[in-house]
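The values are calculated or read from the model by the stated rules, or taken from the named source; none is laboratory data. This one's a predicted model, so the numbers in the text were calculated from it and none came from an experiment. All Cβ positions, glycine included, derive from the backbone under ideal geometry; neighbour counts span all protein chains shown.
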Amino acid sequence: MASTPSKSHLFLFFLFTLILLVQSKLSLDSSDHEAILLIQKDLGIHSQRRSPCNSAGIFCEWRFTNNSYVLKVTRLVFESQNLKKRISPAIGKLSELKELSLPNNKISGEIPTEIFDCQKLEILNLGKNQFSGEVPEGLSSLIRLRVLDISSNKFSGNLKFLKYFPNLEKLSLADNLFAGKVPSSLRSFRNLRFMNISGNSLLEGPLPVMNQLEYLSSELIDQENAPKRYSFAEKSPGKNQTSAMAPSSSKGLNGSSAEAPSPMVATPHKHKKKKKRKVLGWVLGFLAGSVAGSVSGLVFSLLFKFILFLIRGRKKETSLAIFSQMIKNPEDLAFLEKEDGLNGLNIIGRGGCGEVYKATLPGTNGKEIAIKKIIQPPRDADELAEEDSKLLNKKMRQIRSEIQTVGQIRHRNLLPLLAHLPRPDCHYLVYEYMKNGSLQDVLQAVSEGRRELDWLARYNIALGVAAGLEYLHMNHTPRIIHRDLKPANVLLDDEMEARIADFGLAKAVPEANTHVTTSNVAGTVGYIAPEYYQTFKFTEKCDIYSFGVLLGVLAMGKFPSDNFFQHTDEMNLVKWMRNVMTSDDPKRAIDPRLLGNGYEEQILLVLKIACFCTLDNPKERPDSKEAGSTTFDEEEFIPLECNLSDSDNEIDDYCFINDTNASESVAVGLNAYPTIELEAAGIQELGSNDSYCPSEEKLLIDYSSSE
């Protein structure tokens, strides 16, 4: 054990050397490089580093362009740095920019119109600066904006730039000099949850009612046309301000109430009795007419409601539900309501209960969509065989699960459900069309020699899957467990970005629950965590197990169902991967097509994390955040500090992530580097333990229904 510190130091030295070698090959896109230099100059930032991606506040990511991967600037964050100049027009050259945050500085001038070219911008935070002038109306072209904060500046003019922000979640315009009316277009911001427009004393008019708001400033006052918690945030009127509220009662010039004068009737004394009879007749006639009118109105009202109920009852089964702003007009999907609406469309896939069609969405410049048709069982299901009826009813449950989960969530690595149309005999689910198909199809084509998929592309796919899982497990409330993560359920868009799909088996888990118990096991053999089919209880760690198998598939180029494993002693992918990774030649596990490209050490590190994610004890597996940050750091690998023991029979060997941002070290339980002769925690024992993971032939799963 005396040599352990020296081995650890040698490992860290070798790791940092590898990092420097890898980073020396990184190349920032030339257009982004020129733009960053101009932006830094105009903001008064002096950088001495050669690579802007290594500078504080500048974040870069890999992007696939022109059949190659290049680094593009995606985030600029300069907070509280006493910057005093302006934003350069060169900002418009950063085509992949997603966040521009410059809060708490002294930047002046106006917002450059060139920023409209940053069409992927999601966060624009210019709060607490000295910006002035009017906000350009073209800002509404940035439809991906989720956060817009320009508070505590000197902006003036009207709010006409608030035209159309379908994804905006937070809007802060507080403490500026805006004037005029609050635009009614705010009503179309369906995702808006936070809004603060206080401190703009020149604003006037009512605030449109927006029932989805969750938070407003504490400086709220009631208004007649808005509920209290959604009311317009403004300061108390000063001496020169007048209220725009309508008076509750009419008053005369002297301040007393002025009642409407009653009509004067001149009645001579001799006709007094005659007039009384006429008045009595009018009253009786009015009462009789009122009773007759009320009865007639009640009858007609009931008849109208009955007819309306019949009409709505018939249309209920064919009502279109739209979940995305991509479909702006429901008439664009009107062809689905026709009996022959799918005639002439290309079939791109077939399943047990229907087909998947490809179509072009009208009015979107050729935007393609995928339409999944699910056959609905007839009401008189007696005519079906019992197995067919169970299968179709299972599909109906999966449809409800998919609508309840993916219909309400939005993330770049999750396949969005655009719309749902129920029909008497089927259901239509509309999605974005993924040009490159599924990861299963791509890897199958690679194994057959019909296409290529280098390590950088596989690495980027793994990044996307990790980010999608982290959103489902950590950032969404309630958290969602997918339960069927596998290459066939990972689709690839035009830029080879991963999108997790098929949420038919997904479950939303309440915050108070630690797990969910089912009456049977659902999922795909080879990707199911062992504790799930042993106890019928599943947690987020079951998805982590599936993610570890998926990492192994990406790095090894082999599927759990391949015949290759039937001719090995281990009989399955996980055991074989563990035994090879703890052998003298761990590179045998790498897909031969990936050898010789200089990424072998990185691939072996990913395989180590795959072993860690597939540990037998779910408590020893990382959560989705740890799996993503531990495995995939786009700029550098996180160094590991190992603590070893002499024990051969107990799990005493651990590696700790040296994360300066964490409150404490995180025990990984795996060796970080394959070239150090260390054994991961219990991997060899687990690999030879026959009771750990039974072979696929021994695994009996009831697929008759889905919990």
Residue that is farthest from residue 432 (Cα to Cα), among those in segment 477-494 that are assigned to a loop (DSSP other than H, G, I, E, B) and touching a helix residue (DSSP H, G or I) at 6+ places or on another chain (Cβ under 9 Å): 483
Segment 34-50, residues that are surrounded by fewer than 17 Cβ atoms within 10 Å (Cβ to Cβ) and either modelled with pLDDT of 85 or more or among the small types (Gly, Ala, Ser) (or both): 34, 37, 38, 41, 44, 47
Options 492, 472, 453: the member that is out of contact with any Gly (no Cβ under 8 Å at 6 or more places or on another chain) and farther than 21 Å from residue 597 by Cα: 472
Residues located in segment 416-434, provided they are under 21 Å from the mean Cα position of the chain (by Cα), assigned to a loop (DSSP other than H, G, I, E, B) and modelled with pLDDT under 90: 416
Sole residue being within 17 Å of residue 87 (Cβ to Cβ) and of a type in the set (Gly, Ala, Ser), chosen from 108, 156, 140, 172: 108
Whichever residue in segment 196-209 is in a strand (DSSP E or B) and not hydrophobic (A, V, I, L, M, F, W, C) and, among such residues, is farthest from residue 183 (Cα to Cα): 196
Segment 172-195, residues that are within 20 Å of residue 132 (Cβ to Cβ) and outside any loop (DSSP other than H, G, I, E, B): 172, 177, 178, 179, 180
Search result, residues across segment 102-117 that are surrounded by fewer than 21 Cβ atoms within 10 Å (Cβ to Cβ) and either free of Cβ contacts under 8 Å to residues at least 40 places away in the same chain or touching a Cys at 6+ places or on another chain (Cβ under 7 Å) (or both): 104, 106, 108, 109, 110, 112, 113, 114, 116, 117
Search result, residues across segment 58-90 that are over 27 Å from residue 436 (Cβ atoms), under 26 Å from the mean Cα position of the chain (by Cα) and crowded, with 17+ Cβ neighbours inside 10 Å: 58, 76, 78
